[in-house]
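Colleague: Below is the structure I would like to discuss, written out as structure tokens.
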Amino acid sequence: MAKKALITGITGQDGSYLTEILLDKGYEVHGIIRRSSSFNTGRIDHLYNNREIMNKKLFLHYGDLVDTSNLNRLLEQIEPDEIYNLAAQSHVKVSFEIPDYTGQVDALGTLRFLDAIREVGLREVRFYQASTSELFGKVQEIPQSEKTPFYPRSPYGVAKLYGYWIIVNYREAYNLFACNGILFNHESPKRGETFVTRKITRAASRIAAGLQQTLSLGNIHSKRDWGFAPEYCEGMWRILNHNKAEDFVLATGETHTIKEFVESTFIELGIEIDWQGKAENEKGIISKIDLSKAAQLVNTASQIFQYQLTNDLKIGQTIIKVDPNYYRPTEVDLLIGDPTKAEKVLGWKAKTKFEDLVKVMIQADLEKVLKRGF
């Protein structure tokens with residue numbers, strides 16, 4: 001009999017990749033989605049519209065982490081073997097504007113789920129909690145491992161810290177098989193457009209197509225450990241299928257600035273950038289242009305696009321600006337993970353290099369922009 005997995009946040013980047021992985025492994029997958037006035041299943045539409053999968057191997061249920069009775073009912077109905085709690089208000093900047101909601105979902109939502117498991121009596125279920133490198137915030141050591149002290153710097157980080165410790169507490173107090181995956185930044189073409197990596201690749205594509213003049217960013221000197229999301233979703237499965245409930249850091253062990261991500265993105269398009277000014281006055285200007293590289297990236301010769309690469313870009317043109325409105329009230333300057341434990345215990349290791357990650361993201365966004373303009 002196939003294992004049953006329940007995924008919250010199934011329509012997100014990680015949820016969609018994890019669904020594909022579990023279906024490939026023969027699981028019956030159930031996903032919780034929130035009611036919306038517009039369709040919000042875009043990342044799983046290729047599965048949603050597959051008659052061989054939908055309502056046979058993949059099932060969607062309406063629900064919300066703020067609704068305790070709903071969680072109880074779903075657990076009684078589905079009786080999952082594994083639960084992956086990926087749903088969250090995960091935007092750090094936004095968490096400063098809606099801290100109460102962030103806490104309700106990211107912190108108390110986890111508690112509601114754990115209590116629902118106990119209430120329903122699912123003694124053998126395994127629970128994965130999507131934790132975050134934002135727990136480390138104002139880092140206490142470099143690199144950050146499972147033993148590094150936490151110092152979150154945002155309502156999101158604080159809410160996730162509660163989620164982390166309630167997992168540990170219920171594991172120790174009630175012998176639940178509950179694990180934290182402390183995942184460092186992981187990106188893909190499915191990353192939300194409001195997150196900085198997608199904001200960069202999408203804007204760069206629009207600039208190359210003459211549809212946008214400049215890209216405005218906040219702290220371009222902050223450093224992050226960026227990996228490729230599908231690999232991290234495979235890591236989630238390994239964490240939950242280990243023979244012991246433990247917490248693991250998943251990371252590449254490398255760090256790059258947002259500025260480097262910008263430079264690498266534009267280089268893939270054949271645009272080189274020089275930087276002028278400092279702090280709020282820093283800006284990126286075009287120093288070299290060869291859009292034939294962008295044309296090769298998406299093979300414009302063999303595809304019909306609605307939009308074309310522009311001929312209007314000029315040497316010396318400003319395309320990157322720093323906007324203090326994008327600064328966070330408390331910045332996290334450096335995150336770099338130590339994945340040693342995951343490598344030794346789980347046999348998991350990030351494979352995709354930084355440059356390859358940038359390339360796959362800019363390639364996907366450039367194709368989208370040239371086809372539809374956004």
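Colleague: Just how far, in whole angstrom, is the stretch 215-244 from the stretch 130-182 if you go by their alpha carbon centroids?
Modeller: A separation of 15 Å, based on Cα centres.
Colleague: Using the alpha-carbon atoms, what tilt in degrees (0 to 90, nearest 10) does helix 258-268 show relative to the longest principal axis of the chain?
Modeller: The two axes meet at around 60 degrees.
Colleague: Sticking with this one: When the Cα centres of the stretch 94-108 and the stretch 20-50 are compared, how far apart do they sit, in Å?
Modeller: 25
Colleague: Could you quote the convex hull projected area for the stretch 4-183, Cα atoms only and averaged over all directions, in nm²? Write out the running numbers ahead of the final one.
Modeller: Working: hull surface 43.2 nm².
Seen from a random direction, the Cα hull of the stretch 4-183 projects 10.8 nm² on average.
Colleague: Could the peptides 89-98, 75-84, 305-314, 182-191 be put in order, highest first, of the mean number of other beta-carbon atoms found within 10 Å of their residues? The partial results should precede the final answer.
Modeller: Working: 89-98: 17.8, 75-84: 19.8, 305-314: 12.9, 182-191: 23.3.
Ranking the peptides 89-98, 75-84, 305-314, 182-191 by packing returns 182-191, 75-84, 89-98, 305-314.
Colleague: On to the next question. Among Asp274, Asp225, what is the fewest-to-most ranking by other Cβ atoms within 10 Å?
Modeller: Working: Asp274 13, Asp225 27.
Starting with the residue having the fewest Cβ neighbours, the order is Asp274, Asp225.
Colleague: Could you pull out every one of the aspartates and glutamates with an alpha carbon less than 12 Å from that of Lys314, ignoring same-chain neighbours closer than 8 positions?
Modeller: The qualifying aspartates and glutamates are Glu272, Asp290.
Colleague: Sum up the charges of everything whose Cβ sits under 14 Å from the Cβ of Lys314, counting Lys and Arg as +1 and Asp and Glu as -1, but leave Lys314 out.
Modeller: Working: positive: Lys288; negative: Glu272, Asp274, Asp290, Asp312.
Its environment carries a net charge of -3.
Colleague: For a quick size check, give me the Cα extents of the stretch 1-66 along its three principal axes, largest first, whole Å.
Modeller: 35, 25, 20
Colleague: Given the peptides 245-255, 137-147, arrange them by the average over their residues of other C-beta atoms within 10 Å, most packed first.
Modeller: Numbers: 245-255: 22.2, 137-147: 16.0.
Most protected by this proxy first, the peptides run 245-255, 137-147.
Colleague: Moving to a separate point now. Per residue of the stretch 169-174, in order, report the coupling 6.51 cos²θ - 1.76 cosθ + 1.60 (Karplus, θ = phi - 60°) as ³J(HN,Hα) in whole Hz, putting x for Gly and Pro.
Modeller: 5, 6, 5, 7, 7, 10
Colleague: Taking the mean number of other Cβ atoms within 10 Å as a proxy for protection, how do you rank 214-223, 115-124 from highest to lowest? Before the final figure, lay out each step's value.
Modeller: Details: 214-223: 17.2, 115-124: 15.1.
In descending order of packing, they fall as 214-223, 115-124.
Colleague: Summing +1 for each Lys or Arg and -1 for each Asp or Glu, what net charge is found among the other residues whose Cβ lies under 14 Å from the Cβ of Val369? Numbers along the way, then the final one.
Modeller: Details: positive: Arg198, Lys199, Arg202, Arg206, Lys368, Lys371, Arg372; negative: Glu193, Glu268, Asp365, Glu367.
It works out to a net charge of +3.
Colleague: Against the longest principal axis of the chain, how steep is helix 196-208, in degrees 0 to 90 to the nearest 10, with axes from Cα atoms?
Modeller: Helix 196-208 sits roughly 30 degrees off the main axis of the chain.
Colleague: Treating only the Cβ of Lys, Arg, Asp and Glu as charged (+1, +1, -1, -1), what charge dipole size does the chain show about its Cα centre? Round to the nearest 20 debye.
Modeller: On the way: 47 positive and 48 negative charges, 99 e Å.
For the chain, the charge dipole is close to 480 debye.
Colleague: Among Met54, Met236, Met1, rank each residue by its count of other Cβ atoms within 10 Å, from fewest to most, as a rough exposure measure. Each step should come with its number before you reach the end.
Modeller: Values: Met54 14, Met236 27, Met1 5.
Fewest to most other Cβ atoms nearby, the residues stand as Met1, Met54, Met236.
Colleague: Add -39500 (n - 2.57) for each DSSP H run of 4 or more in the chain, then divide by its residues: what number comes out at 222 nm, to the nearest 500 deg cm²/dmol? Don't jump to the answer; show the numbers that get you there.
Modeller: On the way: 12 runs with 130 residues, N = 374.
Computed mean residue ellipticity for the chain: -10500 deg cm²/dmol.
Colleague: Here are some pairs, Lys138/Lys190; Lys160/Lys368; Lys259/Lys293; Lys321/Lys359; Lys223/Lys344; Lys4/Lys359; which of them have Cα atoms lying more than 30 Å apart in this structure? Can you show the working numbers first?
Modeller: Working: Lys138/Lys190 28 Å; Lys160/Lys368 33 Å; Lys259/Lys293 21 Å; Lys321/Lys359 22 Å; Lys223/Lys344 26 Å; Lys4/Lys359 35 Å.
With Cα atoms farther than 30 Å apart: Lys160/Lys368; Lys4/Lys359.
Since every read-out is calculated from the coordinates, none of them should be taken as a lab result. In this text the structure is predicted, and so the values were computed from the model without any measurement. Ideal geometry is used to build each Cβ from the backbone, glycine not excepted, and the neighbour counts take in all protein chains shown.
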